[in-house]
Amino acid sequence: MKRTEITIAVNGRAYHRTVEPRTTLVDFLRDELRLTGTHAGCEHGVCGACSVLLDGEPVRSCLMFAVQADRRQVTTVEGLAPGAGELSILQDAFWETHAMQCGFCTPGMLIAGQALLNRTLDPTRDDIVEAIGGNLCRCTGYQQIIEAIELAARRLRAANAPAEPARP
Amino acid sequence: MKAAEFDYVRAASLDEVCDLLDESGEHKIIAGGQTLVPLMAMRLARPTLLIDIADIAALRFIEADGDEALRIGAATRQVDAERSALVRAHLPLLAKALRWVGHPQTRNRGTIGGSIAAADPSAEIPLVAVTLEAHATARSKDGDATLALADFFHGPMMTALQPDQCLTEIRFPIWSGRVGSGFHEVSARASDFALVAACAQVTLDPQGVCTRLAAALGGVGAAPVRVRAPEALVGRMLGDDAVVRAVAAIDGEIAPEDDQHVGADYRRRVARVLLARAIIEARDEALRTS
């Protein structure tokens, strides 16, 4: 079978590789690029652990082949943090509300949550439930994950609020 | 869960797609891949060549054809139809159904035409297409063919589409007058496959008498079923009791089966309840329009 040349921008850096067409995007990220933050769970689109942002929108990286992502932009969980050793506001909120236990679903939950917060800083609880509706978590019962996304939304809204007027 | 080997071509044009489909071999079109890739991962599908139509912009559009129909390009993503003001205004039934299709991550990739070509018996988009008697256009080297979606779905993954044909657009009729629609579904989880799905669309006259009704069910057989018994309501007021009685008569038109999720009897009961709810929701929506 013919190998195919692709260029994918992952977390802002362009990677040029030659791949077998049957290599899924999640295997490409993990095995070729050694970006192992994205988790391979069920590998047929049910669990959501492999979620990444494709051109800014959340998708399953096990449900597409790397060749389909040629010339596209991918953001993985590694791309959410502002810098090495730092946490994004959403990641920090996950930590604070204990929105994880074993951590296997966490990269997918963070991607789904971040995708929602990129669209709105004022999500309803239903919006949050809908956004993470395709992601399975067997530890938390989801409540702390919903709380974390609510907390991050509150903080992001406050960060964007106009400054208090100066006192006379 | 790894797909078998295959070759891959990103087609630049519909002509190239038709040329490739005309060659012999197990050639499959991939658009969003949200049904096909799981089948390939489980090796239930083993195409030797995948023809990617993602670069063909001519297959992505949503356009009103006057006030007669809404034309949706086959490779239009489900999320784009879900967010489309045209779909919300002219095809509220499709807008409602799209909320139930997979979940946000799959709707960002999955396409309208892909869902129809894949023909999952519990899929929502084929159900809406059967309810509204939509038509599809399929292109091959021999030219364009028009396919009535009312008798397009033969069974799981089996349709009237020929191996050398590529879906190019779906044409959904727009109803005029006091129109209302309803969509109801039961599934194990919000994003899971439908155990049963029901949809209905009605038109009422100024007095509230039903002048037109279409109803269909998914998950109760090998393909979506347009049920005719509730059409006895045409010419009458759609009181709750009348709707429930009319829906009780659908039993002979559906043939649900037991599977690992639920039994056939459960599906029959849920089908009646959901369809009554869908018709009542459609009635209430139509009553709110003048």
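The values are calculated or read from the model by the stated rules, or taken from the named source; none is laboratory data. All values derive from a computational prediction rather than experimental measurement. Here Cβ is always computed from backbone atoms with ideal geometry, including for glycine, and neighbour counts include all displayed protein chains. Calculation scope for accessible area: heavy atoms of the full protein, side chains included, ligands and nucleic acids excluded. Shrake-Rupley method; radii C 1.70, N 1.55, O 1.52, S 1.80 Å.
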> What percent of all Cα-Cα pairs in chain B falls in each 5 Å bin, counting up from 0?
Replying inline: 1, 6, 12, 17, 18, 16, 13, 8, 5, 3, 1, 0, 0
> Along the positive direction of the dipole of the protein assembly as shown (beta-carbon charges: Lys, Arg +1; Asp, Glu -1; about the Cα centre), which of A:F104, B:G263, B:P206 reaches farthest?
Replying inline: A:F104
> Over the alpha carbons of the range B:183-248, what is the largest minus smallest coordinate on each principal axis, giving the biggest first in Å?
Replying inline: 40, 22, 18
> Can you tell me the Rg and Dmax of the range A:39-111, counting just the alpha carbons, in angstroms?
Replying inline: 12.8, 38
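Report relative contact order for the range B:69-136 in percent, whole number only (criteria: Cα-Cα under 8 Å, sequence separation at least 6).
Across the range B:69-136, relative contact order equals 36 percent.
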>> Taking the full set of protein chains and a 1.4 angstrom probe, give the accessible area of B:H135 in square angstrom, rounded to the nearest 10.
In response: 80 Å²
> Relative contact order for chain A: what is it in percent, counting Cα pairs under 8 Å that are at least 6 residues apart?
Replying inline: 22 percent
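May I ask you to list the trypsin sites (Lys or Arg not before Pro) in the range B:155-219 that are in a DSSP loop and have at most 16 other Cβ atoms within 10 Å of their Cβ?
B:R189
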>> Kirkwood hydrodynamic radius, computed over distinct alpha-carbon pairs, for the protein assembly as shown: how many Å, to one decimal?
In response: 23.5 Å
> Accessible area, 1.4 Å probe, largest first: how do A:C139, A:C47 sort?
Replying inline: A:C139, A:C47
>> Restricted to Cα positions, what overall size does the range A:1-140 have along the principal axes? Three whole-Å values, descending.
In response: 47, 30, 26
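How much mean residue ellipticity at 222 nm does the protein assembly as shown get from its helices, if each DSSP H run of length 4 or more adds -39500 (n - 2.57) and you divide by all residues, to the nearest 500 deg cm²/dmol?
It comes out at -8000 deg cm²/dmol, rounded to the nearest 500.
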> Across the residues of B:100-113, average count of Cβ atoms on other protein chains within 10 Å?
Replying inline: 6
> How much accessible area does B:D265 have with a 1.4 Å probe, in Å² rounded to the nearest 10?
Replying inline: 110 Å²
> What residues does the range B:1-29 have that are buried by at least 10 Å² of accessible area in the full protein assembly compared to the chain on its own, 1.4 angstrom probe?
Replying inline: B:M1, B:K2, B:A3, B:E5, B:F6, B:D7, B:Y8, B:R10
> For the range B:43-88, what is the per residue volume of the convex hull drawn over the alpha-carbon atoms, in cubic angstrom?
Replying inline: 116 Å³
> To the nearest 20 debye, what charge dipole does the range A:4-105 have about its Cα centre, counting +1 at the Cβ of each Lys and Arg and -1 at the Cβ of each Asp and Glu?
Replying inline: 180 debye
> Using the membrane-span-like helix rule (whole DSSP H runs, Cα extent along the own axis of at least 30 Å, mean Kyte-Doolittle hydropathy at least -0.5), which helices of chain B qualify?
Replying inline: B:264-288
> For B:E5, what accessible area in Å² do you get when you roll a 1.4 Å probe over the heavy atoms of the protein chains, rounding to the nearest 10?
Replying inline: 90 Å²
> In the range B:104-122, which residues have a backbone nitrogen under 20 Å from the label point lying 7 Å from B:D144's Cα in the Cα-to-Cβ direction?
Replying inline: B:112-114, B:116-117
>> Rolling a 1.4 Å sphere over the protein heavy atoms, what is the accessible area per residue of the protein assembly as shown, to the nearest Å²?
In response: 44 Å²
> For q = 0.20 Å⁻¹, what log10 I(q)/I(0) does the range B:1-81 give under the Debye formula with an equal point scatterer on each alpha carbon and no solvent?
Replying inline: -0.93
